[in-house]
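For reference, the structure discussed in these notes is given below.
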Amino acid sequence: MTYLGLIEVYVFILAAFVGFMVITRVPPLLHTPLMSATNAISAISLVGSLVAAGADRNQVSTILGFVAVISATINAVGGFIITDRMLKMFRRKPGPGAGEPPP
């Protein structure tokens with residue numbers, strides 16, 4: 001393994017450790033906004049996968065780009081659906097007589 005490869009493995013392990021430590025310390029109140037922001041950031045990977053699919057270098061890169069587009073789309077849409085479900089849990093249900101106008 002080259003010196004550059006060792007640095008890349010070190011950075012990957014360090015990023016995984018820091019990410020785990022940050023996520024486990026997020027209070028439940030901040031989880032939903034943080035998840036929503038993370039979904040928006042991960043949707044950026046959709047742009048990168050579109051570039052990879054449209055680069056037209058060879059057939060393998062086009063197929064891998066197409067798979068990346070499908071995966072990134074499922075990730076972004078699924079994340080926003082889950083965030084929407086979580087936000088619905090915090091909405092107050094209307095009480096009795098809530099639909100009636102005041103006298």
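Can you find even one residue in segment 22-33 that is at pLDDT 80 or above, over 21 Å from Ile81 (Cβ atoms) and among the hydrophobic types (A, V, I, L, M, F, W, C)?
Yes: segment 22-33 contains one or more residues that are at pLDDT 80 or above, over 21 Å from Ile81 (Cβ atoms) and among the hydrophobic types (A, V, I, L, M, F, W, C).
For Gly65, which of the numbered conditions (1) among the small types (Gly, Ala, Ser); (2) surrounded by fewer than 11 Cβ atoms within 10 Å (Cβ to Cβ); (3) closer than 30 Å to Ile82 by Cβ fails to hold?
(2)
I'd like the residue in segment 75-84 that is over 10 Å from the mean Cα position of the chain (by Cα) and exposed (fewer than 13 other Cβ atoms within 10 Å of the Cβ) and, out of all such residues, is nearest to Val47 (Cα to Cα).
Selected residue: Ile81.
The values are calculated or read from the model by the stated rules, or taken from the named source; none is laboratory data. Remember, predicted model here, so these are calculated numbers, not experimental data. Cβ: placed from backbone, ideal geometry, glycine included. Neighbour counts: every protein chain shown.
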